[in-house]
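Notes for the one structure printed next.
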Amino acid sequence: MYKEKVAGLVLAAGESNRMGQPKQLLPIDGGIMIERVLNAALDSDLDKVVLVLGYQAQRIKQSIKHILINPKLKVVLNRAFKTGMSSSIISGLAEIEENYDHVMILLADMPYINSELINLLLNRYLSSSLPLGAISIKGKRSHPVILSSQFYNELHKLKGDVGARSLFRKHSNQIFLVEPEGDYQAKDIDTLEDYDLYNKSQPDR
């Protein structure tokens, strides 16, 4: 029986303009920010994980060299990262589109993402037979999201600092929404204030 293959794209190419420093490298929970989502993806049931880097790529790679040996991981460089998120999606997609039936898009600045959440979305989505899936918070679509290969061509047409939001709006009747189990917060870390709030929300802080 054919097992559908699913790859994850971890998007971490941005310049962190609002933070004023590379948020991928911010200390968090005994490691650095990029390790949180990357390790969650690698520990999950995803068949492959593609990390898309751009700004400060070499510095980031040096900081996670202990993770780069994982055979499940592939790092790609988005040289057009200044043009926005769409270029990172397209860069990562080029690595997986020929061999993977679905792609999950994960943002590297969302430290609440864990492997259990990824597996929940992955398994519920595959069981639904719908071509689009997303985490839902109180009925509102959030990240991560997952898409069937039938939408790869549309992803290639994205331009600017946008993700797959327009595609989800266009095909709103084909989305399977998954409510998280437990206390998942679909928040990203964009500013120092966000970072401080995250640290204060953690136990023993």
Every residue in the stretch 99-113 that is modelled with pLDDT of 95 or more and open to solvent by 20 Å² or more (accessible area, probe 1.4 Å), please.
Asn99, Tyr100, Asp101
Tally time: how many residues in the stretch 20-33 are surrounded by fewer than 19 Cβ atoms within 10 Å (Cβ to Cβ) and touching a residue at least 12 places away in the same chain (Cβ under 8 Å)?
5
Just to be sure I understand, how many residues within the stretch 193-204 are loosely packed, with under 14 Cβ neighbours inside 10 Å, among the charged types (D, E, K, R) and within 15 Å of Tyr112 (Cβ to Cβ)?
1
Quick one: in the stretch 28-52, which of the residues that are assigned to a strand (DSSP E or B) and at pLDDT 95 or above is farthest from Gly14 (Cα to Cα)?
Lys48
So the check is Cβ under 8 Å with 6+ separation or different chains; which pairs have a first residue in the stretch 168-188 that's in contact (Cβ under 8 Å) with a residue 60 or more places away in the chain and a second one that's open to solvent by less than 70 Å² (accessible area, probe 1.4 Å) and acidic (Asp, Glu)?
Lys187/Asp194; Asp188/Asp109; Asp188/Asp194
Identify all residues within the stretch 157-192 that are open to solvent by 70 Å² or more (accessible area, probe 1.4 Å), of a type outside the set (A, V, I, L, M), farther than 18 Å from Tyr125 by Cα and assigned to a helix (DSSP H, G or I); write none if there are none.
Lys170
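The values are calculated or read from the model by the stated rules, or taken from the named source; none is laboratory data. In this text, all values refer to a predicted model and were calculated from it rather than measured experimentally. Note that we place each Cβ from the backbone using ideal geometry, even for glycine, and neighbour counts take in every protein chain shown. Please note that ligands, DNA and RNA were not included when accessible areas were found on the heavy atoms of the full protein model with its side chains. Shrake-Rupley method; radii C 1.70, N 1.55, O 1.52, S 1.80 Å.
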